[in-house]
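The values are calculated or read from the model by the stated rules, or taken from the named source; none is laboratory data. The model shown is predicted, which means the values in this text are computed figures rather than measured ones. We place every Cβ from the backbone using ideal geometry, glycine too, and count neighbours over all the protein chains shown.
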Amino acid sequence: MSGTYEFEDFILKLSTPFYIILIALEIFLTNRTERNSYSFKDSATNAALMLFNGAVDLLFRTAYVGILIWFYNYRVIEPLANPYLYWTALFLLEDLAFYTLHYVDHHSRLFWAVHVTHHSSEHFNLTTGFRSSVFQPLYRFIYFIPLVLLGFSPADIVIMYSVTQIYGIIVHTEYIHKLGWLEYIFVTPSHHRVHHASNIEYLDKNMGMCLIIWDRLFGTFQEEIPSVAPVYGLTKQTEKEGLKETIFHEWGEIGKDFKQPITFSTKLKYLLKAPGWSPDGSRQTSKELQKKISRE
């Protein structure tokens, strides 16, 4: 895996000045308009969450790579001999794996409690792409186990994820509008604005990292509606500010639900069902909210 670390370091050195130039350009454009795209505190929070996520990933990497190598030894097929087919298949399957991970993050409260940090900003800019789900590295590798069983090297999976993340970051911008035919294949800034919006119409839509085809295939696609401007952030913003609240506030809400006089099975449903689920219907999930407005 030493070569993997070296290649990742190369990607980091190559992408960092690229990010800096793009962010500087976006800040310049923001200062020339009335858009409220940036705030120093929000961007500093994004950077801190990125560093925390990176630390968790580094500390846990030996463990999750070891698990992937163990499964790789029991692969059901051998790697594709043709390198073009191999890397193309890996790109497609890893993007599908990320879509699945992202879908679960949005539809199971246990994982939403981790992922919610990425959606908690009321701003949408390139630094929002660095607003990482801090503890996601602890379970993200599980979605890559099918890939190693299909003959893809754990090192190559790590490299592909690092590369595709670059694309996943640069779609966090309000300054690029529709991109024509590319909108039918790739995740675009327009698609990702929808994903980050808290408008009911936009909740839990457009889950892809690079390709929008998965959303179109599996019914989670939503076009950006000209008459519905995205409102960024959560449907219910946190009462307090600070990194601790940003990272752990949903766990506190889960704790409050657990303190109610309810059965163990109901507690499990609070934990595993979609955010917004409640046994008495006093709260609603995104799908329930969307059904309600579709009838109005």
## Note on the structure
Picking from Arg61, Arg75, Arg32, the residue that is under 27 Å from Leu272 (Cα atoms) and among the basic types (Lys, Arg) would be Arg61
## Note on the structure
When restricted to Phe71, Phe52, Phe60, the only residue within 19 Å of Lys244 (Cβ to Cβ) and in a helix (DSSP H, G or I) is Phe52
### Message
When the residues of the range 260-296 are narrowed to those that are among the β-branched types (Val, Ile, Thr) and within 23 Å of Lys205 (Cα to Cα), which ends up modelled with the highest pLDDT?
### Response
Thr285
### Message
Being farther than 19 Å from Val148 by Cα and free of Cβ contacts under 8 Å to residues at least 60 places away in the same chain is the filter here; which residues of the range 55-77 pass it?
### Response
Ala55, Leu58, Leu59
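Only one of Leu80, Leu96, Leu49 is surrounded by 15 or more Cβ atoms within 10 Å (Cβ to Cβ), in contact (Cβ under 8 Å) with a residue 60 or more places away in the chain and over 30 Å from Thr285 (Cα atoms). Can you tell me which?
On the way: Leu96 fails: over 30 Å from Thr285 (Cα atoms); Leu49 fails: over 30 Å from Thr285 (Cα atoms).
Only one candidate qualifies: Leu80.
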### Query
Of all residues in the range 195-233, which are out of contact with any helix residue (DSSP H, G or I) (no Cβ under 6 Å at 6 or more places or on another chain) and of a type in the set (A, V, I, L, M)?
Ala197, Ile213, Leu217, Ile225, Ala229, Val231
### Message
Considering only residues that are under 18 Å from the mean Cα position of the chain (by Cα) and within 23 Å of Tyr167 (Cβ to Cβ), which ones fall in the range 49-69?
### Response
Leu49, Met50, Leu51, Phe52, Asn53, Gly54, Val56, Asp57
### Query
If you go through the range 4-43, how many residues are more than 25 Å from Val163 (Cα to Cα), part of a helix (DSSP H, G or I) and of a type in the set (Val, Ile, Thr)?
1
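One line per residue, one yes/no per condition, for (1) closer than 29 Å to Asn125 by Cβ; (2) touching a helix residue (DSSP H, G or I) at 6+ places or on another chain (Cβ under 9 Å):
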{"position": "Ile11", "(1), (2)": "yes, yes"}
{"position": "Pro17", "(1), (2)": "yes, no"}
{"position": "Leu29", "(1), (2)": "yes, no"}
{"position": "Arg32", "(1), (2)": "yes, no"}
{"position": "Ser37", "(1), (2)": "yes, yes"}
{"position": "Asp42", "(1), (2)": "yes, yes"}
{"position": "Ala55", "(1), (2)": "yes, no"}
{"position": "Ile67", "(1), (2)": "no, yes"}
{"position": "Phe71", "(1), (2)": "no, yes"}
### helices (runs of 4 or more DSSP H) fully within the range 204-274 counting 1 or more residues that are β-branched (Val, Ile, Thr), free of Cβ contacts under 8 Å to residues at least 40 places away in the same chain and closer than 28 Å to Ile169 by Cβ
213-218
### Residue that is farthest from Val116 (Cα to Cα) [pool: residues in the range 242-296 that are exposed (fewer than 11 other Cβ atoms within 10 Å of the Cβ) and acidic (Asp, Glu)]
Glu296
### Query
When Asp280 is evaluated against the numbered criteria (1) acidic (Asp, Glu); (2) free of Cβ contacts under 8 Å to residues at least 60 places away in the same chain; (3) part of a helix (DSSP H, G or I), which criterion, by number, is the only one it fails?
(3)
#### Entry: Residues that are touching a His at 6+ places or on another chain (Cβ under 8 Å) and either in contact (Cβ under 8 Å) with a residue 60 or more places away in the chain or crowded, with 17+ Cβ neighbours inside 10 Å (or both), drawn from the range 161-197
Val171, His172, Pro189, Ser190, His192, His196
